[in-house]
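Here the structure is laid out as structure tokens; the discussion comes afterwards.
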Amino acid sequence: MGLLARLRRQPEVPREPGEIPRSVAIIMDGNSRWAAEQGLRVADGHREGTRALRRTVETAIDLGIESLTVYAFSTENWLRPPSEVDELMEIFAETIQRELPDLAEQGVRTRFVGRRDRVSPELRAQMADLEDETAHRDRLNLWIAFDYGGRAELAYAARRIVEEGLEAEEIDEQMLGRYLYAPELPDPDLLIRTSGELRISNFLLWQLAYSELVFTDRRWPEFSPDDLRAAVDEYSERQRRFGAR
């Protein structure tokens, strides 16, 4: 089977209640608010958030989820105070070194979605090395959206289409999908957002077209295995029709 055929998006099929989501996405929100409530530094909240990520990935494995996409750093996050951005980059590097290799031992393949040109060469190398080292793992696909924005991704796809000289009549949904950052990233069945905010914040704008949305008031650092199970249970009670009857 050719590459383009493998990347062609399959039509969504209505699913009955009771099924678990194969693909889950999470907007990991609330680190700084959790830290403020605990009287801690913002960086402490972000570090606690990495622990929440680890237990969430492990619970996703237990539940049989195949793909997990997490929003780690958005294109807009560069607007935060430089000191916080610097600490975030440091924590991100620590996570790659300390947390993600242990998850690889449990069968987790890690890939990064988004830009890489605005971080240090050292961090880019760490990201590439982890992707290479976990490429053969197949128990769960962990996608980390880093320096990612949904609008930026669509603009990137449009630029590539223009650069390759495609004709207007060649462009449809399937064609555009092949020019996204990671065409093989599955559309999430379920999106979870923590911390009580009710928006998607420029995350996976293309891929979330038919996702089920679950919002929780939990801050991300306190998000527990039971919270993930509760979100999956809520999803399993819904009937998805994708516009069909």
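Bear in mind these aren't lab numbers, they're just calculated from the coordinates by the rules spelled out. Owing to the predicted nature of the structure, the values given are computational and were not obtained by experimental measurement. Here the Cβ is made from the backbone with ideal geometry for all residues, glycine too, and neighbour counts use every protein chain on show.
Please list the equivalent ellipsoid semi-axes of the range 17-77, computed as the square roots of five times the alpha-carbon gyration tensor eigenvalues, in descending order and whole angstrom.
Value: 26, 13, 10 Å, ordered largest first.
Hull surface divided by four, with the convex hull built on the Cα atoms of the chain: how many nm²?
14.4
Mind listing the long-range amide H neighbours of Gly30? Cut-off is under 5 Å, sequence gap 5 or more, other chains count too, H placed in the peptide plane at 1.01 Å from N.
Result for Gly30 returns Trp220.
State the dimensionless ratio Rg/Rh of the range 101-154 (Rg: radius of gyration of Cα atoms; Rh: Kirkwood radius).
Rounded to two decimals, Rg over Rh is 1.02.
Can you give the log10 of the normalised intensity I(q)/I(0) at q = 0.11, 0.19, 0.24 Å⁻¹, computed with Debye over equal Cα scatterers of the range 165-245?
Debye curve over Cα of the range 165-245, log10 I(q)/I(0) at q = 0.11, 0.19, 0.24 Å⁻¹: -0.42, -0.95, -1.22.
Order the peptides 115-121, 222-228, 36-42 from the highest to the lowest mean number of other Cβ atoms within 10 Å of their residues.
222-228, 36-42, 115-121
Based on the mean of other Cβ atoms within 10 Å per residue, sort peptides 168-177, 131-140 so the most packed one is first.
131-140, 168-177
List the residues, sorted by chain then number, that are 5 or more residues from Leu213 or on another chain and whose placed amide H is less than 5 Å from its amide H.
Residues meeting the amide H criterion: Leu191.
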